[in-house]
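Chemist: Quick one: structure below, then a few questions.
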Amino acid sequence: MSEETVSHRRTHRVRAVLVLAVLTATTATLSQAAFASPKNPVLAVADYAFITASHSKPQRAVTAADLLNAEETKSMAGSNLVLPANIGAIFAYPRLALFSNSATYTQTCVIFPAEVGRRPYEIKCPTRAIALWQEQPNVLNGSREAVAFAEKKGMAVSGSDVDQFFAGSNVHVVGNPAFKPGQGGIVRFAIKLKINSTTASGYICVRFPRTEAGISMQVDC
């Protein structure tokens, strides 16, 4: 092999390495630009989750796991950002996520489209969504207690058990649940909450089990 050929190949390798270095630096810069949002950490986290989903094979819409991973990446979220309601946590708003700043107590909502490849976007938090999120634990805890109360009597929960358990609470049972022990059934709860001088209302639906030790579960209304 001639000295000229060897020199040519060395030059080619150097050029290839330089091109790769430039591409790598460019990609890193673009990635940092996509992730960096010092004035809006919520959108930085949302974009991180979106890019995670977009880089999967096959590409997918953002999932709750993607968003949780992004929120737990503290270099993205910062120390004050928390995620009280992930994607799917609020049944009436299945693609909405609610963020909260633990220092300022401000809340920010983001919609993550179900369509693959569509970027998330920030919206003003609906008062109804906040009300449903705040009252959901009370409804679910009360529903579990109603099942446990019936189980102590050696029976599966009935509609009258549910009605009696929630009597006098700030959660209103809609109608008169008529299912008997062992039948199971869906109960609709009406909630009303005042948030920032605005009254928000909505419904939370729970499916009650047929068995004594069954689990009550929230379902779509």
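The values are calculated or read from the model by the stated rules, or taken from the named source; none is laboratory data. Here the structure is a predicted model, which means the values were calculated and not measured. For neighbour counting, all protein chains shown are included, and Cβ atoms are generated from backbone atoms with ideal geometry for every residue, glycine included.
Chemist: I'd like the full set of residues that are among the aliphatic types (A, V, I, L, M), surrounded by 11 or more Cβ atoms within 10 Å (Cβ to Cβ) and out of contact with any helix residue (DSSP H, G or I) (no Cβ under 7 Å at 6 or more places or on another chain), limited to region 96-116.
Modeler: Ile111, Ala114, Val116
Chemist: List the number of the failed condition for Ala148; all other conditions in (1) more than 26 Å from the chain's Cα centre (by Cα); (2) assigned to a helix (DSSP H, G or I); (3) under 20 Å from Ala92 (Cβ atoms) hold.
Modeler: If we test Ala148 against (1) more than 26 Å from the chain's Cα centre (by Cα); (2) assigned to a helix (DSSP H, G or I); (3) under 20 Å from Ala92 (Cβ atoms), just (3) comes out false.
Chemist: Could you count how many residues in region 151-183 are assigned to a loop (DSSP other than H, G, I, E, B) and either under 15 Å from Ile204 (Cβ atoms) or hydrophobic (A, V, I, L, M, F, W, C) (or both)?
Modeler: 13
Chemist: Sticking with this one: What are the pairs with Cβ atoms under 7 angstrom where one residue, in region 208-221, is in the same structural domain as Asp161 (by TED's automatic domain parsing) and the other, located anywhere, is among the acidic types (Asp, Glu) and surrounded by 14 or more Cβ atoms within 10 Å (Cβ to Cβ)? Sequence gap at least six, or different chains.
Modeler: Sorted first by the residue in region 208-221, then by its partner, the pairs are Glu212/Glu151; Ala213/Glu151.
Chemist: Across region 66-76, which residue is nearest to Ala53 (Cα to Cα) among those that are out of contact with any Leu (no Cβ under 8 Å at 6 or more places or on another chain) and assigned to a helix (DSSP H, G or I)?
Modeler: Among those that are out of contact with any Leu (no Cβ under 8 Å at 6 or more places or on another chain) and assigned to a helix (DSSP H, G or I), it is Asp66.
Chemist: Checking Val139 against (1) closer than 23 Å to Thr198 by Cβ; (2) not in a helix (DSSP H, G or I); (3) not assigned by TED's automatic domain parsing to the domain that holds Met76, only one condition comes out false. Which one?
Modeler: Status for Val139: all satisfied but (2).
Chemist: Any chance you could count how many residues in region 153-184 are touching a strand residue (DSSP E or B) at 6+ places or on another chain (Cβ under 8 Å) and of a type in the set (D, E, K, R)?
Modeler: Within region 153-184, residues that are touching a strand residue (DSSP E or B) at 6+ places or on another chain (Cβ under 8 Å) and of a type in the set (D, E, K, R) number 1.
Chemist: A further question on this structure: Looking only at region 117-131, count how many residues are surrounded by 16 or more Cβ atoms within 10 Å (Cβ to Cβ) and among the small types (Gly, Ala, Ser).
Modeler: Residues flagged as surrounded by 16 or more Cβ atoms within 10 Å (Cβ to Cβ) and among the small types (Gly, Ala, Ser) within region 117-131 amount to 2.
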